[in-house]
């Protein structure tokens, strides 16, 4: 019985490790990771895009960010300028990584696509709430 539990836990940990590795490779291929503190001084010169759905955006978002929900991202990604760096953030790594991959596939330069480390949770700057 103990061996069965250990096998199940081992498989679960291995699966999670593979998932994290795939997500890491996906992010590295599509975008650069950016520390929130490096965005703060340049926030007015770049595009900040929140890929969370509208209710989460309205509840709390980075001041100056634009909301393009991931559910609409492939249709609305052309709203993002190609000549300025874009910083993407959201709640999870998966949706932000997929949004970055969408931009890369649509011809955006990988060097101008950034994923904000920690998303909203680690943002040290000004925020806004529409509620």
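Comparing 55, 69, 85 in a Gaussian network model of the chain, where Cα atoms under 10 Å apart are tied by springs, the biggest mean-square fluctuation is seen for 55. Take every DSSP beta bridge with both residues inside the chain and express the antiparallel ones as a percent of the total, to the nearest 5. Around 15 percent antiparallel, to the nearest 5. Just so you know, the Rg over Rh for region 51-131 is 0.94, from Cα atoms, with Rh as the Kirkwood radius. In terms of surrounding Cβ atoms within a 10 Å radius of their Cβ, 70, 57 rank from fewest to most as 70, 57. Treating each Cα of region 1-60 as one equal point scatterer and applying the Debye formula with no solvent, the log10 of I(q)/I(0) at q = 0.18, 0.23, 0.30 Å⁻¹ comes out as -0.87, -1.02, -1.10. Between 0 and 90 degrees, the angle of helix 93-105 with respect to the longest Cα principal axis of the chain falls at about 60 degrees.
Note on residue 81 and residue 104: their simple-model spin labels are 2.4 nm apart, each label 7 Å out from Cα toward Cβ. The angle between the Cα long axis of helix 2-30 and the main principal axis of the chain comes to about 30°, on a 0 to 90 degree scale.
Determine the calculated [θ] at 222 nm for the chain from helices alone, applying -39500 (n - 2.57) to every DSSP H run no shorter than 4 residues and normalising by the residue count; nearest 500 deg cm²/dmol. The helix-only estimate for the chain comes to -13000 deg cm²/dmol at 222 nm. Placing R0 at 25 angstrom, the Cβ-Cβ distance between residue 35 and residue 15 gives a FRET efficiency of 0.25 after rounding to 0.05. Hey, in the GNM for the chain with a 10 angstrom Cα cutoff, which one of 16, 87, 24 fluctuates hardest? Of 16, 87, 24, the most mobile in the Gaussian network model is 16.
Where a number appears in this text, it was derived from the coordinates with a stated rule and is not lab data. All values derive from a computational prediction rather than experimental measurement. Heads up, the Cβs are rebuilt from the backbone with ideal geometry, glycines too, and the neighbour counts pull from every protein chain shown.
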